[in-house]
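Peer 1: Let me give you the structure first, and then I'll get to my questions.
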Amino acid sequence: MVTVRLDGMLKEFGAPRVVRDEAPDLRALLDGLEERYPRLRFRIRDESGRRRGNVRLFVNGVDIELLQGLGTPLRASDEVDILHSIQGG
């Protein structure tokens, strides 16, 4: 099973910090997370299904933008990190 680590900002939306799940790719993994934790919907991806600009996704420490984006295939041994950028001014 894929290990998913969510940053502390997502805790308030009902998801635990670490989740284990099965999915063929990152998009399906996020679909499953949003189904299990409905309050996560639109926190990681926007209404059109694209990654929000302030969210960074990593598979085994590699930014998904350097891989296949949300279509990045996943294996059972993979680790996914979901992090929010700190914004302010």
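Peer 1: Working only within the range 26-60, note down all residues that are acidic (Asp, Glu) and within 11 Å of the chain's Cα centre (by Cα). It would help to see each step written out before you state the result.
Peer 2: Kept after step one, since they are acidic (Asp, Glu), are these residues of the range 26-60: 31, 34-35, 46-47.
Hits for the range 26-60 are Asp31, Glu34.
Peer 1: Also, I was wondering about something else. What residue, of Glu47, Glu22, is out of contact with any helix residue (DSSP H, G or I) (no Cβ under 7 Å at 6 or more places or on another chain) and in contact (Cβ under 8 Å) with a residue 40 or more places away in the chain?
Peer 2: Being out of contact with any helix residue (DSSP H, G or I) (no Cβ under 7 Å at 6 or more places or on another chain) and in contact (Cβ under 8 Å) with a residue 40 or more places away in the chain holds for just one of Glu47, Glu22, which is Glu22.
Peer 1: Of the residues that sit in the range 18-58 and are out of contact with any Pro (no Cβ under 7 Å at 6 or more places or on another chain) and of a type in the set (Asp, Glu), which one is farthest from Asp81 (Cα to Cα)? So that I can check it myself, show each step before the final result.
Peer 2: Of all residues in the range 18-58, those out of contact with any Pro (no Cβ under 7 Å at 6 or more places or on another chain) come to 18-23, 26-58.
From what's left, of a type in the set (Asp, Glu): 21-22, 31, 34-35, 46-47.
Values: Asp21: 13, Glu22: 15, Asp31: 15, Glu34: 15, Glu35: 18, Asp46: 18, Glu47: 21 Å.
So the residue we want is Glu47.
Taken together, the values in this text are just the output of simple stated rules run on the coordinates, not laboratory data. In this text the structure is predicted, and so the values were computed from the model without any measurement. Glycine also receives a Cβ, built like all others from the backbone with ideal geometry; neighbour counts cover every protein chain displayed.
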